[in-house]
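K.L.:
Please read through the structure below; I'll follow up with questions.
The values are calculated or read from the model by the stated rules, or taken from the named source; none is laboratory data. Keep in mind that this is a model prediction, so the values were computed, not measured. Counting neighbours? That spans all protein chains shown, and the Cβs are built from the backbone with ideal geometry, glycine included.
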Amino acid sequence: MKKTIAALVCLCSLSYAVEYDELQGQMLSLSCASCHGTDGKSVAVTPYIAGMGKNTMYSILLDYKNGKKEGTMMQKHVKGFSDAELEQVSYYFSKIER
Ligand code: HEC
């Protein structure tokens, strides 16, 4: 029973996207700028993330957070974010022109 409820909660939280809040998205994106450049326009070895699709980025970030995807820095960085915050920041970068 507990498992069923957990699964339902999980499904619900996946199917409802957060409402985009530009200010919050931009604030959160500042924590990425030190490595990925201003607005994700990387000029260093880190990936260029400006203009990446929102859902693509969100699922990559969730994979880092859940340990499904490995990296040198990202796994550590995303641990401090809620899923909703990761979605907000993904919206933000998706709206930047590449
Ligand atoms: C401390 C440096 C650092 C910070 C801060 C950081 N990143 Fe990263 N990011 C990396 C590195 C390095 C990689 C390459 C994968 C790895 O080694 O972890 C990466 C990879 C990624 C990728 C995968 C790109 C691809 O094409 O697969 C995404 C998406 C991403 N970062 C988004 C973000 C977002 C959004 C933030 C802010 C919430 C952020 N990163 C903060 C260093 C950082």
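K.L.:
Can you confirm whether segment 33-51 contains a residue that is without any contact (Cβ under 8 Å) to a residue 40 or more places away in the chain, near the ligand (Cβ under 6 Å from one of its atoms) and within 21 Å of Val18 (Cβ to Cβ)?
P.N.:
no
K.L.:
Also, I was wondering about something else. Within segment 62-70, does at least one residue satisfy the condition of being at positive phi and either within 7 Å of the ligand (Cβ to nearest atom) or of a type outside the set (Val, Ile, Thr) (or both)?
P.N.:
Looking only at segment 62-70, we keep the residues that are at positive phi, and these are 67.
Imposing the further condition that a residue be either within 7 Å of the ligand (Cβ to nearest atom) or of a type outside the set (Val, Ile, Thr) (or both) reduces the set to 67.
Yes, segment 62-70 has at least one match.
K.L.:
Could you list, in sequence order, the residues of segment 17-71 that are among the β-branched types (Val, Ile, Thr) and within 16 Å of Asp83 (Cα to Cα)?
P.N.:
Taking segment 17-71 as the starting set, the residues that turn out to be among the β-branched types (Val, Ile, Thr) are 18, 38, 43, 45-46, 49, 56, 60.
The answer is Val18, Thr56, Ile60.
K.L.:
Next question, about the same structure. Can you find, within segment 72-98, the residue that is nearest to Ile49 (Cα to Cα) among those that are of a type in the set (A, V, I, L, M, F, W, C) and more than 8 Å from the ligand (Cβ to nearest atom)?
P.N.:
Our first condition is that a residue be of a type in the set (A, V, I, L, M, F, W, C); within segment 72-98, this holds for 73-74, 78, 81, 84, 86, 89, 93, 96.
Cutting the leftovers down to more than 8 Å from the ligand (Cβ to nearest atom) gives us 84, 96.
Details: Ala84: 19, Ile96: 9 Å.
Checked segment 72-98; the qualifying residue nearest to Ile49 (Cα to Cα) is Ile96.
K.L.:
Separate question: What helices (runs of 4 or more DSSP H), lying completely within the chain, carry at least 3 residues that are touching a helix residue (DSSP H, G or I) at 6+ places or on another chain (Cβ under 8 Å), acidic (Asp, Glu) and modelled with pLDDT of 95 or more?
P.N.:
Details: elements: 2-15, 22-36, 54-65, 74-78, 83-94.
In the chain, 83-94 are the helices (runs of 4 or more DSSP H) which contain 3 or more residues that are touching a helix residue (DSSP H, G or I) at 6+ places or on another chain (Cβ under 8 Å), acidic (Asp, Glu) and modelled with pLDDT of 95 or more.
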